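What follows is a set of notes on a single structure, which appears directly below.
A short reminder: the numbers here are calculations on the coordinates, not readings from a lab. Keep in mind it's a predicted model, so treat the numbers as computed, not measured. As a convention, Cβ positions derive from the backbone with ideal geometry for all residues, glycine included, and neighbour counts pool all protein chains shown.
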Amino acid sequence: MNADQLDRTIRDVLQSWTPDDPAAPAGIADRIVRRRRRRLLLRTTGAALGLTGIAVGAFLTTGAGGDNGDRPPASGSRVLWQTTLPGKSWDACTTGPDAVYCRGEAYDGIRVDVRSGKIVWEEKAGDADSGRTPAGSLPGVRDGVLYTYADHDPGASDAGTDLVALDAESRRVLWKHELADDSRGRSSAVLFDGGILANAPTFKSVVALDDRTGRTLWTHAWKQADCDRDAIDGVPYLMCSPDSEKAPQRSTVVRLDPETGEPRTVATVDGPTSYLGTDGDAVLLGAAAGEQRYLGAPGPATLIRVDLDSGKVSQHRVEGLPAGVVADGIVLSFGGDGNAVAYAADTGERLWSRDLGLRLREDPRDPSMRELSSEATVDLDSRVAYYLDPSGQLVGLDLDSGAVRWRGEVRVPDGPVEGGVAPELMVHDHGLVGQVGTELFRIDPVLPNGGR
């Protein structure tokens, strides 16, 4: 089950949950699907208050001790800057060598100097009041070009989506490419060595574009499958699963030649699967092993590893699918109960579990929903996995043991509780760049033993 299948499954499950119950929240299915699309694994932004401004150089000493029954975690940190972004909603950010780029409801892009926090330029959306589809992520920035998303037909009821290349210095539009639908996630446009792989204007096909000119290099199409896209070691791959019960019940991992688009099937797996990520030169897939209606529901599952060099497939039975950020052989999963759980990426074995101790409020309008932490972002040099909650609390866990090594805080305005809403956190030069609602900040954790 890939992202598109998951959207459909979420709608089906929620619409059958209380179909005739007048107390059920109106439009709950579409509401949750929209929230899920804002960021993979429900990473979305929330609303916050304030006017544009910058706070620089605050030193914080925060956090509670005794997290591990051992010595207290470090709590020193330096907030290098904090900036309030214009507009009301921001849904995706990425970092470049010297800047942070974000996209929001009223802006196709904004550039913030990563050293000072000052806004360098803003690229406003064509129609900020049209209820634009939020982006799950930004494709990225490379060689002075920012790749972002914009409405294809601003103001229309079905505006569609363009992939847009902006000059990162001047914000000049270099080229646009129309996508097949309004999906604006990690799979919608993927940078690979020599180009960018994007959804084609028609479904079940991709097009490789020259990343400087937008010229079509090659195209590839398929049938009876939904395919996730990724670039692994600079090479584009498709991870495909059957799109219906009528389709052949097998999943494939397909390598696309970067120069010609020629496909080569690396491995085939029986049944539908979901793409989880990569671990070195291996692709990780997941499959339900019980009677679950959808992948990710409680119950037995199968972790599948596909070696991209040999095509060898190994499968491991697990209780609950380990899905999340993959870092150096470890899958970092985060649950709605506030716990982070680490699994071995090669076997699915549970390595450790830790209560993050973050503030995740329930949505008073919908008690079944609550705020979420950011996904883990990992500094492999210090081997720390960091998390951020919507109230500005941060925590850093030891990647190998789960021990709490650091706690910090950035003061952000109190905003309304929005269930399913999470901030975003990124590692930059051994420090952290975070986004909570309209607040963007850079903070340097001070770890024990001279670590950063």
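Note on Arg359/Lys118: beta-carbon distance plugged into 1/(1 + (r/R0)^6) with R0 of 25 Å gives a FRET efficiency of 0.25.
Taking the Cα centre of the stretch 228-271 as origin and assigning +1 to Lys and Arg Cβ atoms and -1 to Asp and Glu Cβ atoms, the resulting dipole is close to 140 debye.
One chain, two ends: Asp143 and Asp400. Fully extended at 0.36 nm per residue, the span grows by 89.1 nm beyond their Cα-Cα distance. Neighbours of Glu123 by Cβ distance under 11 Å: Lys/Arg scored +1, Asp/Glu scored -1, total +2. Under 5 Å between amide hydrogens, built in the peptide plane, is the criterion, and for Asp243 it picks out Ala225, Asp226 among residues at least 5 positions away or on other chains. Amide H contacts under 5 Å for Gly126: Asp151, restricted to partners 5 or more places along the chain or on a different chain, H placed in the peptide plane at 1.01 Å from N. The Cβ shell under 9 Å around Gly194 holds other residues with a net charge of -4, Lys and Arg each +1, Asp and Glu each -1. In order along the stretch 255-269, phi translates into HN-Hα couplings of 8, 10, 4, x, 8, 10, x, 4, x, 9, 6, 7, 7, 10, 10 Hz, rounded to whole numbers, per the Karplus curve 6.51 cos²θ - 1.76 cosθ + 1.60 with θ = phi - 60° and x for Gly and Pro. What the Cα convex hull of the stretch 369-452 gives, in volume per residue, is 86 Å³.
Couplings 3J(HN,Hα) of the stretch 274-287, computed from phi: 10, 7, 9, x, 10, 10, x, 9, 10, 8, 9, 10, x, 9 Hz, in residue order, whole Hz [Karplus 6.51 cos²θ - 1.76 cosθ + 1.60, θ = phi - 60°; x for Gly and Pro]. In the calculated pair-distance distribution of the stretch 303-383, the portion above 15 angstrom amounts to 65 percent of the Cα-Cα pairs. Of all lysines in the structure, the ones whose alpha carbon falls short of 25 Å from that of Lys176, not counting any fewer than 8 places away in one chain, are Lys124, Lys204.
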